[in-house]
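Student: After the structure tokens below, expect a handful of questions from me.
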Amino acid sequence: MAKATGGTAAERTRSAEETEQIMQALVARRDELQAEYDQSLSEITELQRERLADSAGDDQADTGTKTFEREQEITLANNLLERITQVERAIERAGEGNYGWCERCGNQIPVERLAAFPSATRCVSCKQLEERR
Ligand SMILES: [Zn+2]
């Protein structure tokens, strides 16, 4: 195998079975994140309600803590939403068949790695090479 760098990659085919596996892993991941997100939203609502309910009798410090908790919860929710978007983009790309290939060496990224890091664009060895630098 001589000049195989960049451009039209040769064997960019995954078996249908594997694609199916990736899809399932991604969808499962999305559902997981979605559940976390819903949970987070209801916690925000809950904190909001608490704050309103006893803000009359609260001292300043207590109100401050609750506002802080709520802000943290909102940040968490935003992060989750961001990750959901990433996974959804990955699902789309997987459907088009151009997902899960290392952008550096062109090898397949293992299904397990994609399930754990849906936004991974490099295989483990390329990632390690990069980190060692
Ligand atoms: Zn690679």
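Student: Can you tell me which residue is nearest to the chain's Cα centre (by Cα) among those in the range 116-130 that are within 16 Å of the ligand (Cβ to nearest atom) and surrounded by 17 or more Cβ atoms within 10 Å (Cβ to Cβ)?
Tutor: Among those that are within 16 Å of the ligand (Cβ to nearest atom) and surrounded by 17 or more Cβ atoms within 10 Å (Cβ to Cβ), it is Ala120.
Student: Any residue at all in the range 44-65 that is surrounded by fewer than 12 Cβ atoms within 10 Å (Cβ to Cβ) and within 16 Å of the ligand (Cβ to nearest atom)?
Tutor: No, the conditions are met nowhere in the range 44-65.
Student: Next up: Looking only at the range 94-130, which residues are part of a loop (DSSP other than H, G, I, E, B) and basic (Lys, Arg)? Walk me through it before giving the result.
Tutor: Pass one, the range 94-130, residues part of a loop (DSSP other than H, G, I, E, B): 97-100, 102-107, 109-110, 117-123.
Selection gives Arg104, Arg122.
Student: Something else: Quick check on Arg133: is it over 20 Å from Glu18 (Cβ atoms), within 16 Å of the ligand (Cβ to nearest atom) and basic (Lys, Arg)? I'd like the intermediate steps shown before the answer.
Tutor: Values: over 20 Å from Glu18 (Cβ atoms): yes; within 16 Å of the ligand (Cβ to nearest atom): yes; basic (Lys, Arg): yes.
Taking the combined requirement at face value, the residue satisfies it.
Student: If you don't mind, another one. Restricting attention to the range 102-115, which residues are closer than 20 Å to Val27 by Cβ and within 16 Å of the ligand (Cβ to nearest atom)? Outline the logic, then answer.
Tutor: Here is the first cut: in the range 102-115, the ones closer than 20 Å to Val27 by Cβ are 108-115.
Once the filter is applied, which keeps residues that are closer than 20 Å to Val27 by Cβ and within 16 Å of the ligand (Cβ to nearest atom), the range 102-115 yields Gln108, Ile109, Pro110, Val111, Glu112, Arg113, Leu114.
Student: From Asp58, Asp31, Asp62, which residue is modelled with pLDDT under 95, in a helix (DSSP H, G or I), more than 23 Å from Ser125 (Cα to Cα) and of a type in the set (D, E, K, R)?
Tutor: On the way: Asp58 fails: in a helix (DSSP H, G or I); Asp31 fails: modelled with pLDDT under 95.
Matching residue, one of Asp58, Asp31, Asp62: Asp62.
Student: Counting only residues that are of a type in the set (S, T, N, Q) and modelled with pLDDT of 90 or more, how many does the range 43-55 have? Spell out how you get there, then give the answer.
Tutor: Step one: filter the range 43-55 for residues of a type in the set (S, T, N, Q), giving 45, 48, 55.
Adding the requirement that they be modelled with pLDDT of 90 or more leaves 45.
Final tally of qualifying residues: 1.
Student: Against the conditions (1) buried (at least 16 other Cβ atoms within 10 Å of the Cβ); (2) of a type in the set (Gly, Ala, Ser); (3) touching a residue at least 24 places away in the same chain (Cβ under 8 Å), where does Gly95 fall short? Just the number, please.
Tutor: Of everything listed in (1) buried (at least 16 other Cβ atoms within 10 Å of the Cβ); (2) of a type in the set (Gly, Ala, Ser); (3) touching a residue at least 24 places away in the same chain (Cβ under 8 Å), Gly95 misses just condition (1).
Student: Condition (residue is at pLDDT below 85, over 26 Å from Gly95 (Cβ atoms) and either more than 27 Å from the chain's Cα centre (by Cα) or part of a loop (DSSP other than H, G, I, E, B) (or both)) applied to the range 7-27: is it met by at least one residue?
Tutor: no
Student: Suppose the filter is assigned to a helix (DSSP H, G or I), within 14 Å of Phe117 (Cα to Cα), basic (Lys, Arg) and free of Cβ contacts under 8 Å to residues at least 40 places away in the same chain; does Arg70 pass it?
Tutor: Numbers: assigned to a helix (DSSP H, G or I): yes; within 14 Å of Phe117 (Cα to Cα): no; basic (Lys, Arg): yes; free of Cβ contacts under 8 Å to residues at least 40 places away in the same chain: yes.
Here the answer is no, as Arg70 does not meet what is asked.
Student: Quick check on the range 75-117: of everything there that is among the small types (Gly, Ala, Ser) and touching a Ser or Thr at 6+ places or on another chain (Cβ under 9 Å), which residue is farthest from Ile22 (Cα to Cα)?
Tutor: Going residue by residue through the range 75-117, those that are among the small types (Gly, Ala, Ser) are 77, 90, 94-95, 97, 100, 106, 115-116.
Remaining after also requiring touching a Ser or Thr at 6+ places or on another chain (Cβ under 9 Å): 77, 90, 94-95, 97, 100, 106.
Values: Ala77: 25, Ala90: 10, Ala94: 8, Gly95: 10, Gly97: 11, Gly100: 9, Gly106: 17 Å.
Checked the range 75-117; the qualifying residue farthest from Ile22 (Cα to Cα) is Ala77.
Student: Moving on to the next point. Six or more apart or on different chains, Cβ under 9 Å: which pairs go from a residue in the range 116-132 that's without any contact (Cβ under 8 Å) to a residue 60 or more places away in the chain to one that's of a type in the set (Asp, Glu) and in a helix (DSSP H, G or I)? Could you list them?
Tutor: Short answer, once both residue conditions are applied: Arg122/Glu130.
The values are calculated or read from the model by the stated rules, or taken from the named source; none is laboratory data. Not measured: the values here are computed from a predicted model. All Cβ positions, glycine included, derive from the backbone under ideal geometry; neighbour counts span all protein chains shown.
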